[in-house]
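One structure is given here, and the rest of the page talks about it.
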Amino acid sequence: MSTIRVGIVGLGENTRLRHVPGLRSCRDVEIIGVCNRSEASTQKVASELAIAKTYERWQDLVADDEIDAVVIGTWPYLHCEVTLAALAAGKHVLTEARMARNASEARRMCTAADDHPELVTQIVPSPFGLRAHRVVQRLMDDGYLGELREAVVLGINDSVADPTTPLHWRQDAILSGLNMLALGIMHETLVRWTRNPTRVVAQAATFTPMRPDPETGEECEVETPDCVRVLTEIPGGAQGLYHMSGALHFGPPMQIQLYGSEGTLKYQFTPEDVLFGGQKGDAALKEIPVPEEEAGGWRVEEEFIGAIREEGPIEFTDFSRGLDYMAFTEAVSRSAVEGRPIDLIER
């Protein structure tokens, strides 16, 4: 096709900052339609971003024959429903992460994608680790770590430490599902370099069980934990440890640590993206430079459009990988609630 015409369901902050400029930087791509939660919001964003067509219902956007691809920027509660409708209507789909509210919805999305192999389906990937991804993969392939023994994943901040902070949409199970904190996005990053875990054991806690609704001010239940800790078993004998919290002050920056029999890699994502490493016999960890020819970055929209034009495959993240991390986050939730280990099927 000469021009790829895109419709957007849910044009919020991330879509405005990332996807709109990313799509418009691709050759022969036109954003022709938008539908937000309210008519007022739809009209406002269409005017601000010079988008020609608006729709009262997302179903009308998906059904529009002029649209070739649908970008879903809504909260997870609509990802499955809009994806299924878009694929049935013959549209390519790029959906915001997390993939869905739970593994069941993710499986339905995967099945629909498999039924339409002619259509491109992509999930917005975790932005963490993109810069040094190829360096980490190369070092691991070359035996820098030796035998992987432990993986440590840290995602700690104070985003919900204040008990007076209103309820965030991520804390509403109807809107967000079983996704909690940065667990899914950090796990997605980790399994770019390791195999998927086969067993999880989790604990979770909510320190502020009630928060004011941001619209009504009424107290309502917090349905997503303020912190979660996870132990995992990784095929090959390695162990995983995750600590996610939004209720701690001055915690360590977001990072992934990989410990092996011969060396260690520590990839710190915030406040700066820096990779450190050291091998047996070294005095200390040192920064590992990322050669320009190996440096990665954000190219989500370029990759999506390129795949539609059959110019290259999706590297990060297809629906199959999305299902893997949704199965993991659901297993973590079940383990925390049921107080027992949960086994995962290795794929």
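The values are calculated or read from the model by the stated rules, or taken from the named source; none is laboratory data. Source: prediction; values computed, not measured. All Cβ positions, even for glycine, are placed from backbone atoms using ideal geometry, and neighbour counts span all protein chains on display.
Summary of computed values
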{"quantity": "Region 146-183, subset small (Gly, Ala, Ser) and closer than 17 Å to Ala336 by Cβ, residue surrounded by the most Cβ atoms within 10 Å (Cβ to Cβ)", "calculated": "Gly177"}
{"quantity": "Set Glu311, Glu293, Glu330: member being within 21 Å of Arg192 (Cβ to Cβ), in a loop (DSSP other than H, G, I, E, B) and acidic (Asp, Glu)", "calculated": "Glu293"}
{"quantity": "Flag for Glu81 being closer than 20 Å to Ile174 by Cβ, assigned by TED's automatic domain parsing to the domain that holds Ile8 and either under 26 Å from the mean Cα position of the chain (by Cα) or buried (at least 16 other Cβ atoms within 10 Å of the Cβ) (or both)", "calculated": "yes"}
{"quantity": "Residue match in region 334-342 (condition: assigned to a helix (DSSP H, G or I), of a type in the set (A, V, I, L, M), more than 22 Å from Val228 (Cβ to Cβ) and outside the structural domain of Glu233 (by TED's automatic domain parsing))", "calculated": "no"}
{"quantity": "Every residue from region 32-72 that is closer than 22 Å to Ala89 by Cα and among the aliphatic types (A, V, I, L, M)", "calculated": "Ile32, Val34, Ile51, Ala52, Leu61, Val62, Ala63, Ile67, Ala69, Val70, Val71, Ile72"}
{"quantity": "Spans of helices (runs of 4 or more DSSP H) in region 131-215 with at least 1 residues farther than 21 Å from Ile345 by Cα", "calculated": "133-141, 173-176"}
{"quantity": "Where His243 falls short, out of the listed (1) within 30 Å of Leu139 (Cα to Cα); (2) outside any strand (DSSP E or B)", "calculated": "(2)"}
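One line per residue, one yes/no per condition, for (1) over 27 Å from the mean Cα position of the chain (by Cα); (2) surrounded by 12 or more Cβ atoms within 10 Å (Cβ to Cβ); (3) more than 22 Å from Gln122 (Cβ to Cβ):
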site: Ile8; (1), (2), (3): no, yes, no
site: Glu13; (1), (2), (3): no, no, no
site: Arg16; (1), (2), (3): no, yes, no
site: Arg24; (1), (2), (3): no, yes, no
site: Arg37; (1), (2), (3): no, yes, yes
site: Ala40; (1), (2), (3): yes, no, yes
site: Lys44; (1), (2), (3): yes, yes, yes
site: Ser47; (1), (2), (3): yes, no, yes
site: Ala50; (1), (2), (3): yes, no, yes
